[in-house]
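What follows is a short report on a single structure.
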Amino acid sequence: MRIIAGTARSLPLKTVEGMDTRPTTDRIKETLFNILQQDIPGAYFLDLFAGSGQIGLEALSRGAAYCVFAENAKKAQACIEDNIAFTKFTNNSKLLKMDAVSAIASLEGKYTFDVIFMDPPYDRELEKEVLERLLHSSILKKDTLIVVEASLDTEFDDVLEMGYELVKYKKYKTNAHVFLRKNEG
């Protein structure tokens, strides 16, 4: 696993040992950032369920101004800290050692984000809990883009009723990226 593009291009990243995390493949990561390329420069980026931190670090490498990582697994937290130090992004990033919902609560009134990425464990419906919390959160801007990495089995039929608009749905062989914005209508 490595940084694909930008100022930290080609730097190898540590991964979390074990089966608790699923690192996003380079091909899927490249496709994701091709879609996000207009949204990243100067952005405040939130990486929820951050795992190794590779998505947030890729955003920083590609010009994001700041990234907050949220992760509650101790092994993953150590991995993120090592990767932040190795890529030299310590001054424009922060690691919150807590679950995603608690992280959102702790960020209230302190930050607003341009892009929020989450890759929760599959088949536990944690994305719905986080989306519910985000809906009434002050960390969202009017046009914040929320990207959920999910299994192909995950249903997003109820996001419209929740108050989101589906911007894009990108399906891969094993998973999908769901792009959402809060519906201001």
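The values are calculated or read from the model by the stated rules, or taken from the named source; none is laboratory data. Note that the coordinates shown come from a computational prediction; the quantities given were computed from them, not determined experimentally. Backbone-built Cβ (ideal geometry, glycine too); neighbour counts: all protein chains shown. Each accessible area value is taken on the protein alone, full model and side chains, heavy atoms only, with ligands, DNA and RNA left out. Shrake-Rupley method; radii C 1.70, N 1.55, O 1.52, S 1.80 Å.
One table, with the values for the structure above:
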{"read-out": "Helical contribution to [θ] at 222 nm, DSSP H n ≥ 4, -39,500 (n - 2.57), averaged over the chain, rounded to 500", "value": "-8500 deg cm²/dmol"}
{"read-out": "Phi to ³J(HN,Hα) by Karplus 6.51 cos²θ - 1.76 cosθ + 1.60 over the range 112-120, Hz, x for Gly, Pro", "value": "10, 10, 7, 9, 10, 10, 9, 10, x"}
{"read-out": "Tensor-based shape of the range 99-156 (alpha-carbon gyration tensor, a/c under 1.5 rounded, otherwise prolate or oblate)", "value": "prolate"}
{"read-out": "For the range 78-93, 3J(HN,Hα) per residue [Karplus equation, 6.51 cos²θ - 1.76 cosθ + 1.60, θ = phi - 60°, Hz, x = Gly/Pro]", "value": "5, 4, 4, 4, 4, 5, 4, 5, 5, 7, 6, 9, 5, 7, 10, 8"}
{"read-out": "Å² of accessible area per residue within the chain, as computed with a 1.4 Å probe and no ligands counted", "value": "49"}
{"read-out": "Within the chain, longest stretch clear of exposed trypsin sites (Lys or Arg not before Pro) (DSSP loop, no more than 13 other Cβ within 10 Å)", "value": "10-87"}
{"read-out": "Percent of beta bridges antiparallel (DSSP, the range 1-140, rounded to nearest 5)", "value": "5"}
{"read-out": "Neighbour net charge for residue 184 - beta-carbon separation under 10 angstrom, K R +1, D E -1", "value": "+1"}
{"read-out": "DSSP loop GluC sites (Glu not before Pro) with at most 16 other Cβ within 10 Å: longest gap in the chain", "value": "18-107"}
{"read-out": "Matching label, Rg and Dmax of the Cα atoms in Å computed from the structure shown, candidates (1) 18.9, 81; (2) 18.8, 62; (3) 15.0, 44", "value": "(3)"}
{"read-out": "Label point distance in nm, residue 5-residue 25, each placed 7 Å from Cα along Cα→Cβ", "value": "1.9"}
{"read-out": "Local electrostatic count, residue 7, Cβ distance below 12 Å [Lys/Arg +1, Asp/Glu -1]", "value": "+2"}
{"read-out": "The range 18-166 - percent of accessible surface contributed by carbon and sulfur, probe 1.4 Å", "value": "49"}
{"read-out": "Residue 181 versus residue 152: modelled label distance in nm, points set 7 Å from Cα along the beta carbon direction", "value": "2.9"}
{"read-out": "For the range 1-82, alpha-carbon Rg and Dmax in angstrom", "value": "11.9, 34"}
{"read-out": "Out-of-range pairs (alpha-carbon distance over 30 Å; input 88/173; 14/182; 75/128; 97/141)", "value": "88/173; 14/182"}
{"read-out": "Karplus (6.51, -1.76, 1.60) ³J(HN,Hα), θ = phi - 60°, over the range 157-168, in Hz, Gly and Pro reported as x", "value": "4, 8, 5, 5, 5, 5, x, 10, 10, 7, 7, 7"}
{"read-out": "Loop-located chymotrypsin sites (Phe, Trp or Tyr not before Pro) in the range 113-179, at most 15 other Cβ atoms within 10 Å (DSSP)", "value": "172"}
